[in-house]
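**Q** Supplied in structure tokens, the structure appears directly below.
The values are calculated or read from the model by the stated rules, or taken from the named source; none is laboratory data. Keep in mind that what you see is a predicted model, and the values were worked out from it rather than measured. So basically every Cβ, Gly included, is an ideal-geometry build from the backbone, and we count neighbours across all protein chains shown. To get the accessible areas, we keep the full protein, side chains included, count just its heavy atoms, and leave off ligands, DNA and RNA. Shrake-Rupley method; radii C 1.70, N 1.55, O 1.52, S 1.80 Å.
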Amino acid sequence: MKQWWSERSSQERMMITICTLLFFLMILCLVFLWPISSDVSELKSNVAEKEKKLLWMKDASAKIKIIEEALGKVDKDDKNRGKKNKGRNKKSKMEKIREAAVGSGFEAKEKADKRVRVTIKSVKFDDLSGWLGRLKDRHNISVVQANIKKQSNKKGYVEVKEIFLEAVE
């Protein structure tokens, strides 16, 4: 190898040295920088997904707080919050049903026979069943009659044509 190197002119040796350095620099980039850049793009997409989930969680948390406050849940550790909810408990069942609304296009009307007719354009079935369960458990309001239709364009969503609710004494 020494003999071969010494047989080369100074320009050839310079060219070989530069090409060798460029080759190793390229290998270095491929080995270290390319994986790092692909990891960065993967991490950015993960962050975007997690931000989307966070927004959904914040929205769901806000809805849950509204529903819990409307249904009169009292946090026993927070006396001020309990006082606020005591005032809310004086609201009529109709007001509580409206405030605890789930889904989009919620509408509630009180009928002459003391029943409440509720319609909801779009709601997750799980949210609807949880809401009805909370009305029953906390306020003794139960479903008398229901007309619910599955939405074909959204998985897990239903349209509530009408639900008649009644306070059980």
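**Q** Restricting the search to the stretch 1-25, which residues are within 59 Å of the chain's Cα centre (by Cα) and open to solvent by 100 Å² or more (accessible area, probe 1.4 Å)?
**A** L21, L22, F23, F24
**Q** Of all residues in the stretch 130-145, which are at pLDDT 85 or above and open to solvent by 60 Å² or more (accessible area, probe 1.4 Å)?
**A** If the condition is that a residue be at pLDDT 85 or above and open to solvent by 60 Å² or more (accessible area, probe 1.4 Å), then V143, V144, Q145 are the ones that fit.
**Q** Still on this structure: Does at least one position in the stretch 67-79 carry a residue that is at pLDDT 70 or above, closer than 24 Å to N140 by Cα and either small (G, A, S) or outside any loop (DSSP other than H, G, I, E, B) (or both)?
**A** Yes - at least one qualifying residue is present in the stretch 67-79.
**Q** Here is a further query. What residue, of K111, K155, is at pLDDT 85 or above and open to solvent by 60 Å² or more (accessible area, probe 1.4 Å)?
**A** K155
**Q** Of all the residues that make up the stretch 114-129, how many are touching a residue at least 12 places away in the same chain (Cβ under 8 Å) and open to solvent by less than 70 Å² (accessible area, probe 1.4 Å)?
**A** 9
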